[in-house]
Each structure stands twice: as structure tokens, then as C-alpha cells.
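*Asks:* Please read through the structure below; I'll follow up with questions.
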Amino acid sequence: MDIRFADCSVRFGDRVALHPLTLSLDQRRIGIIGLNGSGKTTFARLINGLVKPTTGSVTVNGLDTVKDDKAVLGQAGYIFQNPQNQLIMPIVADDIAFGLKNRGLPKDEIEARTQAVLLRFGITHLARRRVHELSGGETQLAAMASVVVTGPQILILDEPTNQLDLKNRQMVASTIGGLEQNAVVISHDLPLIADFERVLLFHEGHLIADGDPAETIHRYHEVALC
Ligand SMILES: Nc1ncnc2c1ncn2[C@@H]1O[C@H](COP(=O)(O)OP(=O)(O)O)[C@@H](O)[C@H]1O
Ligand SMILES: [Mg+2]
């Protein structure tokens, strides 16, 4: 994985969501923390082109998120903060198969890949369940499976354990821990990112700390309490 921000900034109208930023990301596990409205989601969405830079550029494995937008979507999958909005089909297995059908894959390959990802995420028992009847944790796993099945190298998870009870939180946390993909994880759940290789702290649209989780989390406590 090679993500590069080159003097990238984002403005919405006259509001600056992200001040100019130059950095590279190549770690397997990257956490993003900061107060509400600090620019975390904007930063993460730049990686798969859901948000476009107002100035500068973002590249993912050498692909530009503006010029090569379709190819970038294939490299970096995004799991939204409210993943129930991401599940399109009423039944879990059909939702997982949906992205593969769109790619025109043969029926038996779609079936095999769907079964494999259900097994991989430990949710084979949910295959025929209605997506809107799942628990928060099960919804998160189903949304992850629906993205992973299409084969992205990078997963971007926006507050994946937000609002989950302890049991669902553990289920999702251990699944994230076992992902073979590179993961960029936005979270207020500090233990979730405490053993990551790198943690970025955003504050009012600025990247104000970047490095070791313990140091970055310490800095977060300082800015949150002042
Ligand atoms: N689509 C948008 N239109 C206008 N303002 C936005 C939009 N998305 C985000 N913002 C603003 O940009 C700032 C950063 O938002 P965001 O990246 O969502 O923060 P976070 O994820 O850290 O809570 C906030 O002030 C927010 O209101
Ligand atoms: Mg956000």
C-alpha cells in the first residue's frame, strides 16, 4: 500500500475541512483520531476519492483519486459510519453477491466467493438473514464482507465500533485485528487503535500529531481537555 497526500486541502464553501497536508501512508494498521468535526472523515474519504482535493492531490498505489477514480475505488473500500445505509439488498448473501454481479462475474464464481467471505468473517449463519434485522456488530461484519469480497487491498473503516455493545464491539475488533488487508480506521474507541503501527490526530482540520499510538493518544487527551 502506498497512499500519498501532496499539498492536499479540502474546502466546503468557505469552510476549510482540511488544511494543506503532505504525507505518505504505508503501514498495515493506521488509526485516525480527533474531536467531532476535526476532519477525520474528510481525510479518510480522500483516500478512495469519495471527497476530491480542493488543492493538491492524493494518489493510491500510484493512481490519482481524480483522474483514475474508478481504479482507486477498486483498491480502497470504504465502510461507512452507518453501515446499514450501505447494505442495498434485503438479504445478507444477496448483498455480498451484488457487487460481484455488477462486475459481471460468472454465477458459480459469485457463489463460491460469497460463501468464502461469509466463512472468513464467521457469518455463514447470517447468509439468509434480512440485513435490517441484524445487530449492530453483525451489520458491521456484513458491510465489511460486502466490501472485502470485491478484493480491495485497503479497507477504510469509519467508526466501526461506534454504538456497539461490548459483545458486538469485541466481535468487530477481533475481526479487524485478523484482516489481511491494510486498514485505515477512524475511531473514538482508543483501545481499538492502541496497538496500531501509526495513529494520526486531527484538530480543527490540521494534522497535529502523527506517530506512535501512545504519544498521539496522550496529545489527544491534552487537546480534548483544554
Ligand atoms: N459535505 C460537506 N459539506 C459541508 N461541510 C462539510 C461536509 N463534510 C464535512 N464538512 C465539514 O467539515 C468539517 C470536518 O468534517 P468531518 O471530516 O466530517 O469531521 P469528523 O469526521 O472529524 O467528525 C466539519 O466542520 C464539517 O461540518
Ligand atoms: Mg466522521
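*Asks:* Scan the range 39-47 and tell me whether some residue there is within 16 Å of ligand 2 (Cβ to nearest atom), touching a Gly at 6+ places or on another chain (Cβ under 7 Å) and of a type outside the set (Val, Ile, Thr).
*Replies:* yes
*Asks:* Considering only residues that are in a helix (DSSP H, G or I) and more than 17 Å from the chain's Cα centre (by Cα), look in the range 192-214 and name the one that is nearest to ligand 1 (Cβ to nearest atom).
*Replies:* Step by step, filter the range 192-214, then rank; the result is Pro213.
*Asks:* Is it true that Pro53 is over 20 Å from His188 (Cα atoms), surrounded by fewer than 22 Cβ atoms within 10 Å (Cβ to Cβ) and more than 8 Å from ligand 1 (Cβ to nearest atom)?
*Replies:* no
*Asks:* Okay, moving on. Say we look at the range 135-159 and pick out the residues that are of a type outside the set (S, T, N, Q), assigned to a loop (DSSP other than H, G, I, E, B) and at pLDDT 95 or above; which of these is nearest to Leu192 (Cα to Cα)?
*Replies:* Looking at the filtered set, the residue picked out is Glu159.
*Asks:* In the range 170-193, which residues are in contact with a Gly (Cβ under 6 Å, 6 or more places away or on another chain) and modelled with pLDDT of 95 or more?
*Replies:* Val185, Ile193 - these are the residues of the range 170-193 that are in contact with a Gly (Cβ under 6 Å, 6 or more places away or on another chain) and modelled with pLDDT of 95 or more.
*Asks:* Being within 16 Å of ligand 2 (Cβ to nearest atom) and over 13 Å from Ile156 (Cα atoms) is the filter here, so list the residues in the range 167-198 that pass it.
*Replies:* Within the range 167-198, His188, Asp189, Leu190, Leu192, Ile193 qualify.
The values are calculated or read from the model by the stated rules, or taken from the named source; none is laboratory data. Because the structure is a prediction, the values reported are computed rather than measured. Here the Cβ is made from the backbone with ideal geometry for all residues, glycine too, and neighbour counts use every protein chain on show.
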